[in-house]
Structures are given as structure tokens and as C-alpha cells.
Amino acid sequence: MNKQQTDYSLFSRLRFVLVNTSSPGNIGAAARAIKTMGFSELVLVSPRFADAIHAEQAVAFASGALDVLESARVVETVEEALQDCNYAAAVSARLREFSPPVVSPRVLAAQLSGDVTLNAALVFGNERFGLPNEVVQKCQALINIPANPDYSSLNLAQAVQVLAYECRMTELETRGGPMQTSGDARAPGDVGFQGSSASVTEIEGMFAHLEQALVSIDFLDPDNPRKLMPRLKRLFARAQLETEEVNILRGLARQILAPKAGGARPAPRDQSSEGE
Ligand code: SAH
């Protein structure tokens, strides 16, 4: 993703991340789904077969989307896959007790399309096991395709297709449709102060720091952490943190861990000098 981008369209701001994919066929089919909808960025996190991109099945299923398949980045960790992103959405068939807010594909698409400051990643899970909780908790939203409740698990590449389709439809309506009257890509809601959204890496660093601070004051028991951190992550996921806000929280953690001498509490004010 190019940070200097002048093209604000979602087509250059959206990344598809497939985590621990088993079937090279699904990787190829996902590349095809992505390309048919006008997107191009595919990242594979530790696929089952290291050379999945060149596997016969992947190539066959990609069909005319070999360019997307061949330019896919293969990385080892989800953190690497989310680098440069300031928004990540976990796409999951499973709802969980502790997760970021659950959002439908259509609502997500509107949010991504409407906010041109977002460089977003859609994170998909493994065919059998889905996404682990630790990955879901790194994300700001959990996207669930509201399928048949009696049989709700789509094939991986088909889930990619649904998300890519929804994002395309919304993007065309927002930026490419007949309603568009100017080249200004900013949504009307963007008026007023807006800091830059914190990156996933910044948010992760802040949580590690905060956790350390909470342990140091015995607020969090590492041997019995209960659901404190997942709850806090959920709370902050709803807040859509900006970089400066993350820095404030880190400042708070830093002060808890190493209070400056005499700096923890303000010195009492000298009442007698008031009004002089
Ligand atoms: N048995 C797995 C399902 C994996 S399907 C589980 O219980 O999670 C492979 C991937 O396709 C999922 O990780 C998810 O990214 C996507 N997917 C499939 N069905 C979905 C649905 N109804 N909503 C959102 N994502 C879905």
C-alpha cells in the first residue's frame, strides 16, 4: 500500500490477508475473486505449503488472475501482514463472546469507502479452524456474512468474493457512480478535527505496554488474567484510536511503570497566594 497515494479509491487501500490457508486451490480462487472485483493486494500468512503460489492447483484456480497470485506477499506472521494498515477486520464465520464489534460486510464496506484515511486489511482464516482468538483480537471489527444459520460456513474463496463484491459495490456508488459530482473523495462526515488513525502495530505496542503497567500495580494478575485484556481490546476497538491517543495511553502506562519522583500527584496549591 502506498502511503503517498493520491488515489483515494478503496481499490488501492484494501488488502486481503489469508491466514494459514491449507488449499492452494483456495489461494488461486481468492486471487481470482479479488481481481474480478478490481482489487489486487493479497498477502498470505504462513500458508500450509510454502510455495503455494506456484502450486498447480493455485495457478489453475487463479485462471486470468495470475498477476494477483504471483504478486502475493508471503509472510510468517499476522503482524507482518498488517504492517502499514491502520484498520483490520477479522472475517469469521464464528461469533465469539469476546470480540471486536460485529459488523456486516455492507456496513464495513461503507465505513472503508467513506473514510479515505483508512488503509485496511480483511483477514480470513483457515478452512478448518477459522481464525484464532488472538488474531481476531488484533482487529477492530469482526465481519460475519449473515448466512443460513443452519449452515453458515462458506468456502474461503467464496467468502473473499462476498467481501470483495460488497466493497466494490459501495465504492462504485461512493466514488464512481452517477451521484458523484466532484473529484473530492472525502465523505461529508470528515469535516472537523481528524487525527490519523493509529496503525495496528502501534495499537499492539500500546496494549503490551498497558498490560505491563497493569501487572505492575497488581490490577492484572498474570496467573489469573481473566478477560481483562480482551475486554480492554474490545473497548478500544470501538473507539477507533488515533496515533496521538495511543501515545497518551502509552504515556499513562509509562508513568504507572516509572512515576517521576514527586510527579505522580500534583503538588497541593498554595491557597494563601491565591489572587495575589
Ligand atoms: N470452520 C471454520 C470455518 C472456516 S471457513 C470456522 O469455524 O471458523 C474459512 C474462512 O472463510 C473463515 O475463517 C472466514 O474467514 C471465511 N468465512 C466462511 N464463512 C463465513 C461467514 N459466514 N462469515 C464470515 N466469514 C466466513
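Listed values, structure above:
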{"quantity": "Hits in the stretch 246-263 - residues which are surrounded by fewer than 16 Cβ atoms within 10 Å (Cβ to Cβ) and part of a helix (DSSP H, G or I)", "calculated": "247, 248, 251, 252, 254, 255, 257"}
{"quantity": "Residue among 62, 55, 81 that alone is surrounded by 23 or more Cβ atoms within 10 Å (Cβ to Cβ) and away from the ligand (no atom under 16 Å from the Cβ)", "calculated": "62"}
{"quantity": "Among (1) over 17 Å from the mean Cα position of the chain (by Cα); (2) at pLDDT below 95; (3) among the hydrophobic types (A, V, I, L, M, F, W, C) - the single one residue 1 does not satisfy", "calculated": "(1)"}
{"quantity": "Hits in the stretch 4-52 (condition: of a type in the set (Val, Ile, Thr), surrounded by fewer than 20 Cβ atoms within 10 Å (Cβ to Cβ) and at pLDDT 95 or above)", "calculated": "36"}
{"quantity": "Hits in the stretch 65-78 (condition: surrounded by fewer than 22 Cβ atoms within 10 Å (Cβ to Cβ) and over 28 Å from residue 239 (Cα atoms))", "calculated": "65, 66, 67, 70, 71, 73, 74, 75, 76"}
{"quantity": "Whichever residue in the stretch 85-101 is under 21 Å from residue 161 (Cβ atoms) and either β-branched (Val, Ile, Thr) or in contact with a Pro (Cβ under 9 Å, 6 or more places away or on another chain) (or both) and, among such residues, is farthest from the ligand (Cβ to nearest atom)", "calculated": "89"}
{"quantity": "Leading residue by the ranking (farthest from the ligand (Cβ to nearest atom)) among those in the stretch 140-158 that are outside any loop (DSSP other than H, G, I, E, B) and of a type outside the set (S, T, N, Q)", "calculated": "141"}
{"quantity": "Count - residues of the stretch 218-245 that are buried (at least 18 other Cβ atoms within 10 Å of the Cβ) and of a type in the set (Phe, Trp, Tyr)", "calculated": "1"}
{"quantity": "Within the stretch 102-139, tally of residues that are within 7 Å of the ligand (Cβ to nearest atom) and either closer than 23 Å to residue 206 by Cβ or touching a residue at least 60 places away in the same chain (Cβ under 8 Å) (or both)", "calculated": "7"}
{"quantity": "One residue from 112, 163, 122 being buried (at least 19 other Cβ atoms within 10 Å of the Cβ) and in a strand (DSSP E or B)", "calculated": "122"}
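The values are calculated or read from the model by the stated rules, or taken from the named source; none is laboratory data. All of these numbers come straight from a predicted model, not from anything done at the bench. For neighbour counting, all protein chains shown are included, and Cβ atoms are generated from backbone atoms with ideal geometry for every residue, glycine included.
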